[in-house]
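Reviewing the structure listed below.
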Amino acid sequence: MDRRETAALLAYIGRLDPRTIRTDQGEARDQLAQWHELLADVPMATPHGWDARVAAREHIRVSPYQILPADVARPWEAYRRDRLQRHTDPPPAADPDDQAAWTAELVSTRRAVASGNAEPAHHRQITGGRVSPDLEERLRQIGSCIPAEARAALAPYRPTRAAREAAIAQGRPDALSVRCEWCHARVGEPCRRRRVGPDGNARGSAPRATPHPGRFDLATARQTPRTAIA
């Protein structure tokens, strides 16, 4: 606030608490200079909820002690902290490659929120609602989030996954859905080459492009329903 606003605040406080009134011209000038120095970065009022007169009135109403500049500055700092804690930085409109412009807009937005000239930006909350009746049909039409062309292009680089997807598409059992009894590969992991050395210990653990035959047999046995013997 400027000197005129500081003088207006002191006049307002003097009406509520005559103890703050200075009748001597020199004392009044010193009081104004002191309050202006300490409250220069505190606005008189903002468009979103802050008013220095309200803070002063609340102190005079609940405290038996004479008001000081700190009794106005403390509520202002609490107001700033609360607004910044409730603010989530929205993406600036500036070009992200222009670091200076991006940072300047971000800082400008935060300052506007902290000074009470803009409302804090909140994250959008998930709202409840009824599921669209055509959601399942849309999901069926979309299928996988990876387009078929991209999946085919990735197949040479993901041979194990490609073989697994091809088996499932053809209705054959998914070998990776069971644990391999030979190489002890866990469910979902590819089989690994195990070579037993002369000392009886396993050598090598390179992944195989295709599962071990026994893993196929185990997956087939689990997929095929058992028929009752008449």
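Only the coordinates and a few stated rules stand behind these numbers; no lab work does. The structure displayed is predicted, hence computed values, not measured ones. When we count neighbours, we look across all protein chains shown, and the Cβ atoms used for this are built from the backbone with ideal geometry, even at glycine.
Computed from the C-beta positions of GLU58 and ARG3 and an R0 of 25 Å, the FRET efficiency is 0.55 to the nearest 0.05. Once the Cα-Cα distance is subtracted from the 0.36 nm per residue extended length, the VAL107 to ARG29 segment shows a gain of 24.4 nm.
Gain on full extension, evaluated as 0.36 nm per residue between SER205 and THR88 minus their Cα-Cα distance, stands at 37.3 nm. Within the stretch 168-188, whose backbone N sits under 18 Å from a point 7 Å along Cα→Cβ of ALA148? The answer is 168-171. Other residues lying with their Cβ under 12 Å from the Cβ of PRO69 contribute a combined charge of -2, Lys and Arg counting +1, Asp and Glu -1. Which FRET efficiency value, to the nearest 0.05, do you get for GLU137 and ARG158 by plugging their Cβ-Cβ distance into 1/(1 + (r/R0)^6) with R0 = 41 Å? Efficiency, from the Cβ-Cβ distance: 0.90.
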